[in-house]
Amino acid sequence: MGKIVAVTGNEACAQALKQINPDVCAAYPITPATDLMQRFSSFVNDGKVDTELVLVESEHSAMSACIGAAAAGGRVATATSSQGLALMWEMLYIAAGTRLPIIMPLVNRALSAPLNIHGDHSDGMGARDTGWIQIYSENAQEAYDNTIQAFRIAEHLDIRLPAMVCMDGFIVSHSIERVEYIDDADVKKFVGKFQAVHPLLDLDNPKSYGPLILTDLYHEYKRAQHEVMTKVPKVVLEVASDFEKMAGRKYGLFETYRLEDAEMAIVVMSSAAGTTKDIIDQYRDKGVKIGLLKPRIFRPFPYLEIADALKHVKAIAVLDRADSFGGYGPLFMEIAGSVMSMASKPAMINKIFGLGGRDYLPDQAEGVIDELIKVAQTGKVPAVKEYIGVKE
Amino acid sequence: MAKAIEIRWHGRGGQGTVTAAKVLADACLSGGGYVQAFPEYGPERAGAPIRAFNRISGNVIRMYGPVLHPKVVSIADATLMDAVNVTEGAPDDAIFIVNTSRDPKEVRAKLKAKDSQKVYSIDATKIAVECFGRPLPNSSMLGAICRATGIVAMDVLLENVKKSFGKKFAQKIIDGNLNAARRGYEEVKEG
């Protein structure tokens, strides 16, 4: 068994990157980024890894340098947060469209304006359509485990896509909690040797990246990109199965909690799922049949698998830590997509919570469950989308 | 599931309160428990009131967010009793530990603590100045908390104080802090 430590989510992710020892990391390691890359840069400085660390002048350049290094044939990682991810936006599509398996821990934090660097999912949700695999983590242990698994998923020869590993800003990234590290040798063995595919540095076989493809084949190219995403869930599950054999911790496309016999369900991601589980236990003690579903893989979204897990419930509350102004919350829209395939459709409500670091407190979860009980009894939904935890 | 013991720290920016919460988490982790340690994040200014939190449990801790009903309230700067509501949300069996030269009975009156709540005082700043020459109260506060709550064994706490200071400081400072923690344990008074 590995070492048990009390560390922040950022320290845990930096440790995973240290154990994996990527060939190249390009980063802009000051705010809006977190101390994750700063910690990793000290490993570089201390000779703990032999990664080539490229310190650039912006996040746009960080992703650009990662793309160059990955196309050259290296195992590449970076990390970012908030405005940093927003500034990378253009290059995120290029990383995915070019099929480069770059790994990026993303500390989920709010976007300006107004200026705020506290936790919410606005940054990650904004990158939903970039073609990156997105994995969300509840706690520091999951952030560490997911970072390790992300390399295997992204670099799988059937996949070759970039992946971001998300954790809640401050709540997980900067808070200290118990994490079990896996031994260096086991991590190295699990992740395996990097296999370059069409590396630019193979000078005997020259190739071109980033070509112009117009109306003749762009459409087909994008369909191919969608098709490769559909292969991701199978690989995620294979990697999770191998991971469980090594570390003893079980992962899937999503996690369910007391859902099997539930009449009502809360769907929520990341750290808020932990708090919600505690409140669900309290209601279960009172005989309320409530359960939880926590998506782990947000892209690709496992619509049918989630529909199957939720098909027996009468009412669902989807909690979003991000908003789509003038629309429903992004997670709600995905769950609505899952529900669409069900023969008998549960009633659904959408709560927007915790924006810009607003605490998600037990009474908010209790309020949602109380409302859900009424919705399940009457089948009536007074308002589909509402903000909770609002100061009046 | 046994409920986690929740601790709220009140201190001032630059006093080392967050470090103390971390050392306590490390110590409880060595004791085989699950732990959380985190500050309330805001603008970081020296001297401003800050809060930090611990959760300690024998089981996995799933609850995130600030501690609302602290079983233990550690007040590293007595002037905070006039500046912020340090008793907010404290349950009937709460334990208050205050860094002050005043008698614990006076502190009890000041806090308007209920009879069922326990109040301890410790002159942690004086001990710190005597042990290592700087007014940083947290090693002695940790010793006092250890005595008042029994949350972790004293030898485990001392090991972790040593580990925490050992990374950055000279032997004299490490020994001073170990001594301060021991004196905190010995000199804390209930009232």
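Quick notes on this one:
- Only helical runs count toward this figure. For chain A, summing -39,500 (n - 2.57) over DSSP H runs of n ≥ 4 and dividing by all residues gives -12500 deg cm²/dmol at 222 nm.
- Annotation: average projected area of chain B is 10.0 square nanometres, based on the convex hull of Cα atoms across all directions.
- Entries of A:Lys245/A:Lys277; A:Lys277/B:Lys3; B:Lys3/B:Lys167 with Cα pairs more than 24 Å apart: A:Lys245/A:Lys277; B:Lys3/B:Lys167
- Three-way shape label, chain A, alpha-carbon gyration tensor, a/c 1.5: prolate
- The long axis of helix A:83-97 is offset from the longest Cα principal axis of chain A by roughly 70 degrees.
- In the structure shown, the pairs A:Lys250/B:Lys22; A:Lys207/A:Lys231; B:Lys71/B:Lys105 are assessed against 24 Å; a Cα-Cα span above that value is assigned to A:Lys250/B:Lys22; A:Lys207/A:Lys231.
- Angle in degrees between helix A:232-247 and the longest Cα principal axis of chain A, rounded to the nearest 10: 90 degrees
- Averaged over the residues of A:2-8, the number of partner chain Cβ atoms lying within 10 Å of the residue Cβ comes to 4.
- Shape call, segment B:15-107: gyration tensor on alpha carbons, a/c limit 1.5: prolate
- Whole-Å distance, taken between Cα centres, linking segment A:254-287 and segment B:149-175: 39 Å
- In chain A, taking the dipole from charged Cβ atoms about the Cα centre, the farthest positive-side position among A:Leu200, A:Met333, A:Gln15 is held by A:Met333.
- Once the mean of 1/r is taken over each pair of separate Cα atoms and inverted, segment A:254-387 shows a Kirkwood hydrodynamic radius of 14.6 Å.
- Counting only DSSP beta bridges whose two residues both lie in segment A:71-176, roughly 5 percent are antiparallel.
- Rounded to the nearest 10 degrees, the angle from helix A:9-20 to the longest Cα principal axis of chain A is 40 degrees.
- Separation of the A:Asp46 and B:Arg45 label points, Cα + 7 Å toward Cβ, nm: 3.4 nm
- Local electrostatic count at A:Glu238 - Lys and Arg +1, Asp and Glu -1, tallied over other residues with Cβ under 14 Å: +1
- Within the protein assembly as shown, antiparallel bridges make up roughly 40 percent of the DSSP beta bridges whose residues both belong there.
- For A:Ser324, the residues 5 or more places off, or on other chains, whose built amide H falls under 5 Å of its own are A:Gly329.
- Shape category assigned to segment A:88-190 from the gyration tensor of Cα positions, a/c cut at 1.5: oblate
- DSSP-defined antiparallel bridges as percent of all bridges, segment A:3-247, nearest 5: 25 percent
- Per-residue shielding of B:57-67, expressed as the average number of other chain Cβ atoms within 10 Å of the residue Cβ, stands at 6.
- With q set to 0.18, 0.20, 0.30 Å⁻¹, the log10 of I(q)/I(0) for segment A:263-322, from the Debye formula over equal scatterers at the Cα positions, is -0.65, -0.79, -1.34.
- Helical runs (DSSP H, four residues minimum) scored at -39500 (n - 2.57) apiece and divided by the length of chain B put the mean residue ellipticity at 222 nm at -12000 deg cm²/dmol.
Throughout, read-outs are computed from the coordinates displayed, never taken from laboratory work. Note that the structure is predicted; figures quoted are calculated from it, not measured. In this analysis, Cβ positions are derived from the backbone assuming ideal geometry, glycine residues included, and neighbour counts consider all displayed protein chains.
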